[in-house]
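The structure appears below as structure tokens.
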Amino acid sequence: MNKYILFSAVGTTDPISNGYDGSILHICRKYLPEKVVLYLSKEMLELHRKDDRYRFSIKKLADMNNTEIEIEIIERENLVDVQKFDDFYDDFDEILKSITSSSSEKNILVNVSSGTPAMKSALNLIAGLSDGKILPVQVSTPEKKSNPKREDINAYDVEMEWECNIDNEGDYVDRTSLSDNMILISKVRKQIIRNHVEVYDYRAALDVAKGMENYLSADLITALEIACARLQLDRKRMDQISESIKDKEKRKLFDYIPVKQTDERTVFEFLLWLQVKQMRGDLADFIRGITPVLLDILEIMLRKKYRIDIKSYCDRRKSEGNYIYKLSRSKLENGGDTGMKMLSALDSEFGKGFEDSVYSSANLLPIISSLEEDRQFVGLLESMRYVERSARNLAAHEIESITEEWLKDKCSGMDSRSILNLLKKIVGRSGMNVSSKDWNSYDEMNDGIKVFLDQNPC
């Protein structure tokens, strides 16, 4: 069961007016909060001290419902000019911050129907800026129009008003609703989430979404969490979130991965990550990512196109706490015809003959070049190796501002889009099980997220 705390300024129609609940009492009737914090200006404080009307009515309501409601009175004896926004906005804000921090497990309600127009506006604004931690509640009049003005607020009989209150009847009409202002703010924030998603900034989208979970589909949060993990290349986290969805049919809605085979999945997801970096203009990350992905593509090619497990010709050695692979001359020499063919290609590439060296694209490319009959394809690989050698190594080892102009200068006129297209051509002819449609995977994921964004809360 939800637990509530209500904060409210007090207005002239509180606690009961014209035979019906005023806003404070009606919200209490609907939500039965554990605590009510009443904010009294000088005028309302004088009425409170005269007959204790506010606490009296709330306590009678609590007794009627066999519950208890704690009541705190905040007295602002010097608050006279209640139409001035600045006189109480900061005060409201500090009070609500205190309530929120000390009542993290409770839902904080604010009454945006009592008090002056400036008070209502202030509370709506504070609620809107609270990331969904504060819920603004408004109360309509029984006549669905402005409250008729009470002729004399001093002429109030607390006992009689309570006994004659029509809302005390068992079939009272609930007149509470979420503030339209909050709904507007929710729409604005949904658009902000949408904008973040469209530029692949899933962390920012998730941060906004988590601040307004009451107004969003739970599936949206799940989808954004998966998208965050995906962009972080956190396969383990992605799979954990997916497996937590018990309904297997529903789980399919969150399956954004087009390439399923383990090693190819890893490589292709990294390629999609590079594509996102290119589209967002994160060129330093884009360029630095070429080396590992090119190496992995060449390894997959050797295995799938030429049936060569290149790592079987390597020594696995520990270096600075990590294991590295070194291509071994002795293992190549003892590797039969295949090993000797690869060694011959390496000896031709390196003038003094091949010596044991770290497993890299510089070593694998000559091997593939000696095996591949399609010289046009070899040319694509050599172009990619040129980019790696010319731009990536500079970007990795020097303090450089990586711009499109910088890339064109270092890569014979190629910009980031040209480099990405070159990678796509290589992947398409590498033997990897990747279709042209798969490159749209992130945009398809974004479309799925937007569907959840447009859903009402579950």
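Here, each number is a calculation from the coordinates, and none is a lab measurement. As the structure is a prediction and not an experimental result, all values here were calculated from the model. Don't worry about glycine lacking a Cβ; one is built from the backbone with ideal geometry, like all the others, and counts go over all protein chains shown.
Details
- Ranked Cys411, Cys164, Cys28, criterion: other C-beta atoms within 10 Å, fewest first: Cys164, Cys411, Cys28
- Gain in span if fully extended, Asp51 to Tyr172, counting 0.36 nm per residue against the direct Cα distance: 40.9 nm
- Cα pair count fraction exceeding 26 Å, expressed as % - the range 144-274: 50
- Under 5 Å from the amide H of Ser17 lie the amide H atoms of Gly22, each residue being 5 or more positions distant or on a separate chain, with H modelled from the backbone and absent for Pro and chain starts.
- Rg/Rh for the chain, where both radii come from Cα atoms and Rh is the Kirkwood radius: 1.23
- Across the cross-link table entries Lys50/Lys120; Lys246/Lys305; Lys42/Lys97; Lys50/Lys97; Lys311/Lys437, which are compared at the Cα atoms, the separations over 28 Å belong to Lys246/Lys305; Lys50/Lys97; Lys311/Lys437.
- Potential extension, Ile192-Lys252 segment - 0.36 nm per residue separation minus Cα distance: 18.9 nm
- Prolate/oblate/rounded call for the range 210-292, Cα gyration tensor, a/c under 1.5 rounded: oblate
- Isotropically averaged projected area of the range 342-458, using the convex hull of Cα atoms (one quarter of hull area), nm²: 12.0
- Derived scalar couplings between HN and Hα for the range 217-233 equal 5, 4, 5, 5, 4, 4, 4, 5, 5, 5, 4, 4, 4, 5, 5, 7, 6 Hz in order, rounded to whole Hz, by the Karplus curve 6.51 cos²θ - 1.76 cosθ + 1.60 (θ = phi - 60°), x for Gly and Pro.
- Comparing Cα centroids, the range 89-119 and the range 198-253 end up 31 angstrom apart.
- The radius of gyration of the Cα set in the range 209-363, together with its Dmax, comes out at 21.0, 69 angstrom.
- Ordering Tyr215, Ile74, Met44 by the projection of their Cα atoms onto the charge dipole of the chain, which places +1 on the Cβ of Lys and Arg and -1 on the Cβ of Asp and Glu, puts Tyr215 at the extreme positive end.
- For peptides 37-44, 304-311, 109-116, sequence by mean Cβ density within 10 Å, most packed first: 109-116, 37-44, 304-311
- Multiplying the residue separation of Lys425 and Arg307 by 0.36 nm and removing their Cα-Cα distance gives an extension gain of 40.3 nm.
- Positive-end residue, the range 4-178 charge dipole about Cα centroid, Cβ charges, pick of Leu25, Phe85, Asn165: Phe85
- Within the straight-line cut-off of under 29 Å between alpha carbons, the lysines reachable from Lys318 are Lys236, Lys304, Lys326, Lys331, Lys341, Lys352, sequence neighbours fewer than 8 places apart in one chain being disregarded.
- Ranked list, fewest to most other Cβ atoms within 10 Å of each Cβ, for Thr176, Thr13: Thr176, Thr13
- Each peptide in 101-108, 296-303 was scored by the mean count of other Cβ atoms within 10 Å over its residues; highest first, the order is 296-303, 101-108.
- Violating pairs (Cα-Cα greater than 28 angstrom) within the set Lys210/Lys277; Lys133/Lys187; Lys260/Lys408; Lys408/Lys450: Lys260/Lys408; Lys408/Lys450
- Zone residues, the range 220-243, relative to Gln455, backbone N less than 12 Å from point 7 Å out along Cα-to-Cβ: 220-224
- At R0 = 22 Å, FRET efficiency that the Cβ-Cβ distance of Lys260 and Asp443 yields, to 0.05: 0.70
- Karplus 3J(HN,Hα) series, Hz, for the range 276-291 with 6.51 cos²θ - 1.76 cosθ + 1.60 (x for Gly, Pro): 4, 4, 5, 5, 7, x, 7, 6, 4, 4, 4, 5, 5, x, 5, 4
- Stokes-Einstein D in µm²/s, Kirkwood radius over Cα pairs - the range 184-256 at 4 °C with 1.567 mPa s viscosity: 102
- Amide hydrogen proximity for Val110: with H placed 1.01 Å from N in the peptide plane, the residues at 5 or more positions away or on another chain lying under 5 Å are Phe7, Leu135, Val137.
- Proximity of backbone amide H atoms, modeled 1.01 Å from N, is registered between Tyr200 and no other residue at under 5 Å, excluding neighbours fewer than 5 places apart on the same chain.
- Gyration tensor over alpha-carbon atoms, the range 4-178, equivalent ellipsoid semi-axes in Å: 23, 19, 16
- Ellipticity estimate at 222 nm from DSSP helix runs (n ≥ 4, -39,500 (n - 2.57)) divided over the chain, nearest 500: -16000 deg cm²/dmol
- For Glu355 and Asp234, the FRET efficiency from 1/(1 + (r/R0)^6), where r spans their Cβ atoms and R0 equals 30 Å, is about 0.20.
- Across the range 432-449, coupling constants 3J(HN,Hα) worked out from phi with the 6.51/-1.76/1.60 Karplus curve, θ = phi - 60°, read 5, 7, 10, 9, 4, 5, 4, 5, 8, 4, 5, 5, 5, 4, 4, 4, x, 4 Hz, and Gly and Pro carry x.
- Given charges at beta-carbon only (K, R positive; D, E negative), |dipole| of the chain in Debye: 2320
- Note on the chain: antiparallel DSSP beta bridges, both residues inside, total approximately 40 percent of the bridges counted.
- Using R0 = 51 Å, the C-beta based FRET efficiency linking Phe270 and Met160 works out to 0.10.
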